[in-house]
Amino acid sequence: VQLQASGGGVVQAGGSLTLSCAASTRTFNSYIMGWFRQAPGKEREFVAAISGSSAAINYANSVKGRFTISRDNAENTVHLQMYRLQSEDTAVYYCAASWSPVLSEKVDTYDSWGQGTQVTVSS
C-alpha cells in the first residue's frame, strides 16, 4: 500500500496541528495504521496506532492526552490531531500500515511507510 502524509509545518509551542495520511488500497480497513516520528539524531519512535475498525487505539505515554488518532475508512485516510505541542514534539512524522492483527509499537511490524512530514515546534 502507498501512503502519503501531509499537514506538517511550523507551529508555536502550545499550538496545534493535524496530520493526515492518505492510503492507496482497496482494503484500507484491513490495516492497522500507525504514526511514528523521528527527531534528528534519534531513532524512530512510536506515537499512536489505530485498528482497522477504530475499536483499539494506543498512544505513546509522551503524547497521551495531547494527540488523537482517528481514521476514515470511506476516505482511506488516517489523521493525527496534535494539541499543546511542545518543542520535544519536533520531528519528521511518518504514517505506516501494518497487516498485523494486533496493535504494535514496534517499527518492524509495519509493512508500508509514507514519506514523512516535518513538524517543527518553536518555543
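The values are calculated or read from the model by the stated rules, or taken from the named source; none is laboratory data. Please read all numbers here as calculations on a predicted model, not as lab measurements. With ideal geometry, Cβ positions are generated from the backbone for all residues, glycine too; neighbour counts draw on all protein chains shown. We work out accessible area using only protein heavy atoms, side chains counted, and drop any ligands, DNA or RNA first. Shrake-Rupley method; radii C 1.70, N 1.55, O 1.52, S 1.80 Å.
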*Is it the case that some residue within the range 5-15 is modelled with pLDDT of 95 or more, under 19 Å from S104 (Cα atoms) and open to solvent by less than 60 Å² (accessible area, probe 1.4 Å)?*
no
_Cβ-Cβ under 7 Å pairs, at least 6 apart or on other chains, the range 1-25 side under 15 Å from Q81 (Cα atoms), far side open to solvent by 30 Å² or more (accessible area, probe 1.4 Å) and among the aliphatic types (A, V, I, L, M)_ = G7/L17; G9/L17; V11/L17
*asked:* Quick check on my filter: what residues within the range 24-44 are part of a strand (DSSP E or B) and either under 13 Å from R71 (Cβ atoms) or out of contact with any Lys or Arg (no Cβ under 6 Å at 6 or more places or on another chain) (or both)?
replied: S24, I32, M33, G34, W35, R37
